[in-house]
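The values are calculated or read from the model by the stated rules, or taken from the named source; none is laboratory data. In this text, all values refer to a predicted model and were calculated from it rather than measured experimentally. Cβ placement follows ideal geometry from the backbone for every residue including glycine, while neighbour counts extend to all protein chains displayed. Side chains included, ligands, DNA and RNA excluded: accessible areas come from the protein's heavy atoms. Shrake-Rupley method; radii C 1.70, N 1.55, O 1.52, S 1.80 Å.
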Amino acid sequence: MLPVLLTGLFSLAPAVLGRSPSNLQRNLYKYGLTESGTNTTYSMNVADCPGYTLEALTESETGLSAQLNLAGAACNAFGMDVTNLTIDVTYESQTRVHVKIYDTANKQFTIPESVIARPAAPTTSYTSNSDLVFNYDASPFAFWITRRSEPGAMPLFDTRISSLPPTPIPPFNTSDNSTAFDGFPLVFEDQYLQVSSALPYGTNIYGLGEVIASSGFRRDIGTDGGVGTIQTHWNRDDADPIDQNMYGSHPIYVEHRYNETTNTSSSSGVLLLSSAGTDIFLQTPANSNVSLIEYRAIGGILDFYFFSGPTVPEVIAQYGAVIGYPMWQPAWGFGFHLCRWGYHNISDDRQNVANMRAANIPLETQWNDIDLYHAYRDFTTDPVSFPGDEMREFIQELAANHQHYIPIVDVGIALTVNSTDVYDPYTRGVEQDVWIKNPDGSEYIGQVWPGYTVWPDWFSENIQSYWTEALRNWTEMGVEFSGIWLDMNEASSFCSDSCGTGANYSALAPLSVAGTVVTGYPECYNETISGPSGNMTVNGTSTDSCTNGMSSMALIKRGVGAGDEPGVNLNTPPYAIHNAFGPLSTNTIATNATHYGGYVELDTHNMFGMMEEKTTHIAVQDILAGKRPFLISRSTFPSSGKWTGHWLGDNYSKWQYLYLNIQGVLQFQIYQIPMVGADTCGFNDNTDEELCNRWMQFSAFVPFYRNHNTYGALPQEPYRWESVANASRIAIAARYSLLPYWYTLFANASTSGLPPVRALFYEFPNEPELFSVDRQWLVGSDILVTPVLTPGATTVDGIFPGRGSVVWRDWYTHAVVNATIGGNTTLDAPLSHINVHIRDNSALLLHQQPAYTIYETRQGPYSLLISLTADGNAFGTAYVDDGISYPPGPSRSLTFQAGSSSLKITSEGAYQIEQKLETITILGVQKPTSLKLQGQDVQGWTYSEPQEELVLSNVNVNLNEDITFEWE
């Protein structure tokens with residue numbers, strides 16, 4: 001949440017604490033350079049950089065190691081050239097090669113293994129049979145990665161200058177000279193690293209977020225009318241901007257290549273595991289027959305991992321094997337969550353819970369935003385609006401009804417303002433020495449909601465015990481949470497640099513939001529004509545002011561950042577990455593802030609949120625012993641998914657942002673953070689009835705399902721409009737029926753890294769018409785979702801993959817879709833209906849009776865839905881356990897195999913499933929003459945000819961045993 005949305009803001013005159021002038025001298029010393037180097041003028045151009053020469057090569061059973069020595073005079077383009085490098089190449093598995101290039105002196109920042117654990121060194125040699133092959137030229141040094149199976153194909157990654165377009169290449173943005181390519185040598189300097197790779201012309205690139213890309217899920221690489229991409233990795237708090245850096249950084253991409261001649265495809269992946277501020281360019285220069293990717297980092301090392309795939313789900317899983325698979329989600333986390341900034345007191349919470357129950361709209365978890373706090377201070381409750389004893393009573397009432405409670409935690413901790421101010425979370429942090437420091441050792445002080453704040457140093461030796469104690473004390477004060485919501489953890493500050501250092505703390509009061517009223521509505525709603533209700537009709541007249549829906553979904557691309565603009569902080573590194581706030585220290589912790597262990601914020605900034613997530617996860621696991629933590633966080637980094645889920649930030653109540661949800665959810669599957677979703681109905685601005693109706697349906701088919709909006713905006717709880725309530729009941733019933741399927745998909749993610757939500761081409765990789773589809777998605781491999789994304793629509797166009805080889809059936813009616821082959825099919829989509837279709841060759845274990853809560857739903861019987869292929873086959877699996885234990889305890893795996901007029905259920909595991917399988921539905925079967933279950937004749941079945949649907953009711957099958965069902 002940003003203060004620019006609020007009234008009553010104040011101005012500050014922050015003290016600019018630049019990096020110490022002695023840093024350059026220290027760098028000269030550590031790299032063995034002379035004192036005269038302090039007068040070096042950086043060339044700001046890499047054209048004359050000499051590259052490196054490979055020498056002293058040694059090979060081993062697992063790879064090779066060598067020295068890289070500067071091949072000529074230092075160019076000092078944006079820093080001081082490092083003369084001596086080391087390269088280690090390790091074939092870590094059949095599908096992964098690790099290429100690490102670092103300064104031999106080991107002085108450049110490297111992500112500690114204590115922060116992100118990496119796989120153990122291989123004990124088996126893969127050098128001769130890996131799917132990938134590392135190739136190199138010694139002078140000038142360059143390397144390229146090929147597939148063993150396709151040695152003659154274009155490499156997956158290729159840094160040879162001869163493979164790249166000729167330089168110099170003029171700026172592709174004429175107002176920004178830094179978008180030129182002066183040359184493609186390997187550059188390794190203390191404040192600037194550069195490496196470039198050729199890519200196939202117009203190839204398909206996905207990932208490299210977090211971003212809301214105007215090009216959609218598939219990234220713009222400068223072909224087909226595109227302008228290319230500058231993806232900046234520098235985490236910042238800005239309300240869901242388009243084509244700019246935002247909350248998280250994920251330097252991983254997936255490439256999908258398609259061969260038109262053979263009609264085959266393959267996918268691969270590349271990770272640069274670095275927390276440095278970075279620009280990543282995707283571009284196709286004019287008249288070039290190749291595209292390219294270029295990394296420009298302002299620190300760290302070049303730590304590359306290459307993944308062979310060859311399918312997208314396999315690439316994602318292989319990435320997960322490096323940075324860690326996603327956390328185990330509690331079953332209740334898949335329920336519907338409700339929050340807003342502006343529940344003023346506990347009575348609002350109680351009334352909200354009661355209203356949801358009265359409307360019969362399932363509510364799993366009630367949340368509170370910063371309204372909960374006393375003076376916006378973490379780990380407190382307002383003594384008047386949210387007294388601790390009443391909070392405890394309210395939360396225990398929720399628990400008695402099998403519901404849950406989640407509060408917010410902002411990462412900035414308030415300072416005490418005078419000697420009479422008592423605030424234990426701050427004073428305990430002083431005692432345990434856990435705060436980030438200024439270079440002189442004083443506390444680094446910025447400003448967030450409560451006024452002047454400090455920030456936890458996640459590298460501190462005492463931080464885990466401090467953070468666990470603070471959260472535990474909160475529960476003992478009455479906030480008996482089931483999970484935690486982590487916000488503002490980029491970290492966000494409402495001033496730049498250590499603005500509170502030396503200030504009069506008592507002179508700065510908490511920010512005020514009193515009296516704030518939000519204006520603005522979605523497209524096609526005109527409040528000046530229709531009033532502020534947001535209703536679809538007023539006095540029987542439609543409020544839709546668009547005659548034909550929106551004329552365009554085009555997005556406006558914003559500026560490319562600070563670059564050479566005036567006012568850039570000269571104390572930032574010489575290469576100015578395209579941070580959309582300009583100077584790197586704007587609205588965040590300054591780059592010269594220091595951490596325990598001698599680290600500086602410049603090197604660790606992008607990991608701040610992830611390290612908070614890890615610390616919080618471990619704390620919650622301790623406090624809620626034996627239960628799975630549930631966390632949702634804003635800022636993320638590689639490995640965040642081990643510790644948290646993610647919501648897509650402060651979005652807008654606009655139809656455009658409904659559509660943009662899809663690429664966000666798909667991106668975070670790549671990043672191994674599958675528990676993801678957007679603020680349903682929008683956060684900023686006011687929603688209206690139609691948009692909220694469509695959004696509540698939409699979000700029922702993404703992993704994280706929460707309705708949340710901003711202070712002073714029109715209330716948007718789903719009971720506010722009857723049409724939205726109706727849509728919500730229908731969609732949530734479908735979601736809760738599918739919970740065993742969702743749960744299985746997430747178990748697969750936690751054990752093998754496979755993505756629960758998939759772009760259509762993941763399952764149909766040889767259909768190019770799917771490569772840019774981001775208005776539909778697949779849940780697993782079997783459920784296709786086609787939402788309405790424009791106002792006033794009663795139909796929606798969607799493509800059905802498979803080019804006629806796959807039978808798609810409607811979720812609600814089970815009717816077969818008469819789909820256009822390779823193109824869009826128009827589907828009816830009246831209000832409150834979202835199109836959902838089932839793929840053939842699927843077997844879905846479902847909850848037969850969706851109930852009000854996840855707990856109650858899980859107590860009911862199961863049903864099984866089989867959708868046969870044209871030749872009568874189907875396959876599916878299900879994973880079942882108690883849904884809450886941590887670490888996961890006993891489980892049971894079910895396999896469903898249909899074929900040759902029979903269905904076999906195989907059951908394995910120690911977990912005992914108490915609920916019976918009550919109903920079996922088989923689609924695509926001819927009307928049978930006899931049915932046998934475990935060799936016994938079956939009575940009480942029905943058959944519908946139009947749907948080719950066979951339904952067996954009241955079978956009461958024990959899912960702890962193997963079962964055979966046959967028909968003739």
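Observations, loosely collected:
- Distance histogram in 5 Å bins (all Cα pairs of the range 308-350, percent per bin): 5, 15, 13, 10, 12, 12, 10, 7, 9, 5, 2, 0
- Gained length - residue 475 relative to residue 354, 0.36 nm times residue gap less alpha-carbon distance: 41.2 nm
- A DSSP coil position with no more than 16 other Cβ atoms inside 10 Å describes none of the chymotrypsin sites (Phe, Trp or Tyr not before Pro) in the range 697-760.
- Spin-label model distance (nm) - residue 519 vs residue 818, 7 Å beyond Cα toward Cβ: 5.1 nm
- Loop-resident GluC sites (Glu not before Pro) (DSSP state other than H, G, I, E or B) in the range 875-947 with no more than 14 further Cβ atoms inside 10 Å of their Cβ: 914.
- For the range 262-282, backbone nitrogen atoms closer than 19 Å to the point 7 Å from residue 227 Cα along Cα-to-C-beta are found at 279-282.
- Which label in (i) 250; (ii) 236; (iii) 172 gives the computed volume of the Cα convex hull per residue in Å³: (iii)
- Calculated [222 nm] ellipticity per residue, helices only, for the chain: -5000 deg cm²/dmol; basis is -39500 (n - 2.57) per DSSP H run with n ≥ 4, divided by all residues, nearest 500.
- Computed in the context of the full set of protein chains, the accessible area of the chain at 1.4 Å probe radius has 48% of its extent on carbon or sulfur.
- Long pairs among 107/437; 437/614; 100/614; 100/437, criterion Cα-Cα beyond 27 Å: 100/437
- The range 595-645: relative contact order as a whole-number percent, Cα under 8 Å and 6+ apart: 41 percent
- Compared with the direct C-alpha span, the chain from residue 432 to residue 393 gains 10.8 nm at full extension, assuming 0.36 nm per residue.
- Take the Cβ atoms of residue 507 and residue 384, set R0 to 25 Å, and the FRET efficiency comes out at 0.50.
- Taking Lys and Arg as +1 and Asp and Glu as -1, the other residues whose beta-carbon sits under 12 Å from that of residue 443 total -2.
- The distance between label points at residue 344 and residue 875 comes to 6.0 nm (points 7 Å beyond Cα on the Cα→Cβ vector).
- Inter-part distance where the range 806-839 and the range 903-968 are each reduced to a Cα centre, Å: 26 Å
- Accessible surface, the range 735-846, averaged per residue in Å² (probe 1.4 Å): 29 Å²
- Summed over the residues of the range 110-204 and divided among them, the accessible surface reaches 42 Å² per residue at a probe radius of 1.4 Å.
- Each label was represented as a point 7 Å from its Cα along the Cα-to-Cβ direction; for residue 960 and residue 627 these points are 2.6 nm apart.
- Residues of the range 63-103 falling in the label zone of residue 148, defined by backbone nitrogen less than 18 Å from a point 7 Å along Cα to beta-carbon, are 63-64, 89-99.
- Those residues of the range 760-798 whose amide nitrogen sits under 12 Å from the label point placed on residue 826, 7 Å along Cα→Cβ: 794-798
- The listed peptides 466-474, 386-394, 231-239, ordered by packing as a protection proxy, come out as 231-239, 466-474, 386-394 (highest mean of other Cβ atoms within 10 Å first).
- Of the GluC sites (Glu not before Pro) found in the range 177-277, the ones in coil according to DSSP and having at most 13 other Cβ atoms within 10 Å of their Cβ are 260.
- Mean separation of Cα contacts under 8 Å (6+ apart) over length of the chain, as relative contact order %: 11 percent
- Within-10-Å neighbourhood charge of residue 922 [Cβ basis; K, R +1; D, E -1]: -2
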